[in-house]
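Everything below concerns the one structure shown next.
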Amino acid sequence: HVQYVESGGGLVQPGGSLRLSCAASGFTFSRYSMNWYRRSPGKERELVAGTTSTGDITNYADSVKGRFTISRDNTKSTVYLQMTNLKPEDTAVYYCNAGIWGTGIRPFPSWGQGTQVTVVS
C-alpha cells in the first residue's frame, strides 16, 4: 500500500532554513509527479511546491517562490523541500503526495503523518 513518511521539520527562527524529506513507497515513484503541501491551524491544506516525475519542471506557490526549492531522487523514492528565509507564516505541518500540480488530482488517497515546521523568534 502507498505510504509517505515526512521528516526534517523543527523549530527555527525567522530567516532560518530547513530541509524536509519525504520517503514514498507502494508505487512506482519515478512515474509520478510529486507535490509538497502544508496545513496551518485553522486553514485549508495548501499546495506549496511540485515537481514532475523526472524533476525537470518545478512549480511553486507565490508565497514561497524564491525561498523554497523542491527536488527529488528517484533512486531513493524521496522528494525534498529545501526551505530558506523562513517566515512565521510558513509555520505548518508539511506533507508530500503524488499528484499533478494545480489540478487537485491525486492518484492515491493516502496521506503521511506530516512534519511540523515552526518558525518563531
- Message: Just want the answer: with Cβ charges of +1 for Lys and Arg and -1 for Asp and Glu, which residue in Asn97, Leu86, Asn74 is farthest toward the dipole's positive end in the stretch 60-99?
- Response: Asn74
- Under a plain spin-label model, where a point goes 7 Å from the Cα along Cα-to-Cβ, how far apart in nm are Ile105 and Gln13? 4.6
- Report the residue, chosen from Gly26, Gly16, Gly55, that carries the largest GNM mean-square fluctuation when the chain is represented by alpha-carbon nodes joined by springs under 10 Å. Gly26
- Message: Can you compute the radius of gyration and Dmax for the stretch 13-121, using only the Cα atoms, both in Å?
- Response: 13.2, 41
- Can you spot the aspartates and glutamates whose alpha carbon is less than 20 Å from Lys65's alpha carbon? Ignore those fewer than 8 places along the same chain. Glu44, Glu46, Asp56, Glu89, Asp90
- Message: Considering only protein heavy atoms and a probe of 1.4 Å, how much of the accessible area of the chain is carbon and sulfur, as a whole percent?
- Response: 49
- Roughly how many debye, to the nearest 20, is the charge dipole of the chain about its Cα centre, given +1 on each Lys and Arg Cβ, -1 on each Asp and Glu Cβ, and no other charges? 60
- Message: Probe of 1.4 angstrom, ligands and nucleic acids ignored: what's the accessible area per residue over the chain, in square angstrom?
- Response: 51
- Task: Provide the packing ranking of 27-37, 101-111, i.e. peptides ordered by the mean count of other C-beta atoms within 10 Å per residue, highest first.
- Result: 27-37, 101-111
- Along Cα→Cβ, 7 Å out, is where each label goes; now give me the distance between the ones at Arg67 and Gln3 in nm to one decimal. 3.3
- Message: Using only the alpha-carbon atoms of the stretch 1-63 as identical scatterers, what base-10 log of I(q)/I(0) does the Debye formula give at q = 0.18, 0.24, 0.25 Å⁻¹?
- Response: -0.85, -1.28, -1.31
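The values are calculated or read from the model by the stated rules, or taken from the named source; none is laboratory data. Just so you know, these numbers come straight off a predicted model, no measurement behind them. So basically every Cβ, Gly included, is an ideal-geometry build from the backbone, and we count neighbours across all protein chains shown. Note: areas computed on protein heavy atoms with side chains; ligands, DNA, RNA excluded. Shrake-Rupley method; radii C 1.70, N 1.55, O 1.52, S 1.80 Å.
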